[in-house]
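Structure record follows, encoded as structure tokens.
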Amino acid sequence: MRLLMRFEKNEEVKYISHLDMQRLFQRALRRAKLPCEYSKGFNPHLLISFACALPVGVCSCAEYVEVQLEKFVHPSECKNRLNEVLPIGVKILDAVEPADDFPTVASVICLAEYTFLPFTNDDYNDILKDITLREEITIEKKTKKGFKDINVRPMIHRLKQVDGVIKATLSCSNSENLRADKLQEILEQNGIKIKKVLRNSIFIENKNKIEEPLGATK
């Protein structure tokens, strides 16, 4: 059985790294006594995967984790048992059993939506418009071959101030990925100091549709 869960990562744990979050879930699954499946071979490991790494310091209400179970356990029971043992700041919001042909979220993720909360309530629309009108925004990114200058402007799909906060939709795939902390650096270089960042949603492309993962399973 494959279990797909959406969870939130709040202020209390926003400085926990992606690797530590993986360890946290591994321990929680054991404490919840769920019948998790392990890989075969000399060094068995838990069959668990996360949709997309979240930068340290960023909160989220749209994190996704997939786990293989050896036998069926109702998703709502898995959710409840995990929430009983997860630490403050991490909570399972929903859990489903996807269809057998439903792809892993990590393989089809394409976009992520964020909210950036500035320190002040100034009007930043002119600055944001200037950023979006640029043909090129270059940042240094680490690749397998070392550091490389990358034009990330095509990865910014939406950047707009709404009700005092900045909403951004960014590329978030295996081939193109603009992290929220990198956009925060760009905003701050242009005079917009950011107090808090929240990932609101991630979107997948499945059967020529772009939608949130749990909606796609229905």
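The values are calculated or read from the model by the stated rules, or taken from the named source; none is laboratory data. Source: prediction; values computed, not measured. We place every Cβ from the backbone using ideal geometry, glycine too, and count neighbours over all the protein chains shown. The accessibility values were calculated without ligands, DNA or RNA, using every heavy atom of the protein model including side chains. Shrake-Rupley method; radii C 1.70, N 1.55, O 1.52, S 1.80 Å.
Comparing ARG30, ARG81, ARG134, which has the greatest mean-square fluctuation in the GNM of the chain with Cα pairs linked when under 10 Å apart?
The residue with the greatest mean-square fluctuation here is ARG134.
Run the accessible area of the chain with a 1.4 Å probe and give the carbon-and-sulfur part as a rounded percent.
47
Please identify every one of the GluC sites (Glu not before Pro) in segment 118-218 that sits in a loop by DSSP and has no more than 16 other beta carbons within 10 Å of its own beta carbon.
GLU135, GLU136, GLU176
Most fluctuating residue of PRO44, PRO154, PRO55 in a GNM of the chain with Cα springs under 10 Å: which is it?
Among PRO44, PRO154, PRO55, the largest GNM mean-square fluctuation belongs to PRO44.
What whole-number value in Å² describes the accessible area per residue of the chain for a 1.4 Å probe?
Value returned for the chain: 55 Å² of accessible area per residue.
Can you give the extra length, in nm with one decimal, that the chain gains between SER107 and THR217 once fully stretched, where that is 0.36 nm per residue apart less the Cα-Cα distance?
This chain segment gains 38.1 nm when fully extended.
For the chain, modelled as a GNM with alpha-carbon contacts under 10 angstrom, which of ASN206, ASN121, ASN174 fluctuates the most?
Per the Cα network of the chain with a 10 Å cutoff, ASN121 tops the list.
Nearest 0.05, what FRET efficiency do VAL165 and ASP94 give at R0 = 25 Å with Cβ-Cβ as r?
My answer for the efficiency is 0.55.
Need one number: convex hull volume per residue for segment 3-80, Cα atoms only, in Å³. Intermediate results must be reported in sequence, preceding the final value.
Details: hull volume 7.6 nm³, N = 78.
Considering the Cα atoms of segment 3-80, their hull volume per residue is 98 Å³.
Suppose a student asked you for the relative contact order of the chain, using Cα pairs under 8 Å spaced at least 6 residues apart; what percent would you report?
24
Return the distance in nm (one decimal) between the two label points of a simple spin-label model at GLN22 and LYS71, each offset 7 Å from Cα along Cα→Cβ.
Simple spin-label model gives 2.9 nm for this pair.
Rounded to two decimal places and with Rh computed the Kirkwood way over Cα pairs, what is Rg over Rh for the chain?
1.00
Distance in nm between label sites at ASP130 and SER39, each 7 Å beyond Cα in the beta-carbon direction?
4.9
Highest mean first, what order results for 106-112, 32-38 on Cβ atoms within 10 Å?
106-112, 32-38
With each label point set 7 Å from Cα along the Cα-Cβ vector, what nm distance links TYR15 and ASN121?
3.0
How long is segment 104-207 along each principal axis, judged by its Cα atoms, biggest number first, in Å?
40, 31, 23
Using a Förster distance of 41 angstrom, determine the FRET efficiency expected from the C-beta separation of ARG153 and SER49, and round it to 0.05.
Result of the calculation: an efficiency of 0.85.
Write down the radius of gyration of segment 79-142 and its Dmax, each obtained from C-alpha positions, in Å.
When restricted to Cα atoms, segment 79-142 yields Rg and Dmax of 19.7, 49 Å.
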